[in-house]
Amino acid sequence: MAEVAPAAPVKAAKKKAAKPKKAGPNASKLICDAVAASKDKKGVSLAALKKALAAGGYDVDKNKARVKTTVKSLVAKGTLVQTKGSGASGSFKLAKSTEAKKCMSIYC
């Protein structure tokens, strides 16, 4: 008769250590602060916004997608108003509505 090879012992799956959350403000707060600090009447372009974030110490090259999606979500929420362009490109400024001020107070 054919011999049956013994089954290999099952190894327990290793759990990955959870990375600690970085301290500091989130991307939404940083973007709102950068737009609020701008004195431009027509709003801040995405390129100027990225430069302001980089000057503030935020790693824009590493977080390009996060900046884009955050800008889009802030426009969808009504915190930012898009004055030019579509999507994440164009110029943005803070909304004048009370709802936007309420959103800003959450981030502050």
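None of the figures in this text is laboratory data; all of them are computed from the coordinates on show. The model shown is predicted, which means the values in this text are computed figures rather than measured ones.
Whole-Hz ³J(HN,Hα) for each residue in region 52-59, computed from phi via Karplus 6.51 cos²θ - 1.76 cosθ + 1.60 with θ = phi - 60°, x for glycine and proline: what do you get?
Whole-Hz 3J(HN,Hα) from phi for region 52-59: 5, 5, 5, 5, x, x, 7, 7.
Under 5 Å between amide H atoms, partner at least 5 residues away or on a different chain: which partners does Leu80 have, H built in plane at 1.01 Å?
Val75, Ala95
Exceeding 24 Å between C-alpha atoms, which entries from my cross-link table qualify? They are Lys14/Lys68; Lys15/Lys68; Lys19/Lys64; Lys64/Lys93; Lys15/Lys64.
Correct reply: Lys14/Lys68; Lys15/Lys68; Lys15/Lys64.
For Val44, what residues show an amide H to amide H distance below 5 Å, using hydrogens built from the backbone and excluding near sequence neighbours?
Close amide H contacts, sequence-distant or interchain: Phe92, Lys93.
Quick one: what are the phi-derived ³J(HN,Hα) couplings along region 75-81, Karplus 6.51/-1.76/1.60 with θ = phi - 60°, whole Hz, x for glycine and proline?
5, 5, 6, x, 6, 10, 10
Expected output is a single nm value to one decimal: the length gained when fully extending between Ala37 and Ser73, i.e. 0.36 nm times separation in residues minus the C-alpha distance. What is it? Write out the running numbers ahead of the final one.
On the way: separation 36, 0.36 × 36 = 12.96 nm, distance 1.98 nm.
So the extension gain works out to 11.0 nm.
Quick query: amide H of Tyr58 versus all other amide H atoms, modeled in the peptide plane; which residues come in under 5 Å with a sequence gap of 5 or more or a different chain?
Long-range HN contacts for Tyr58: none found.
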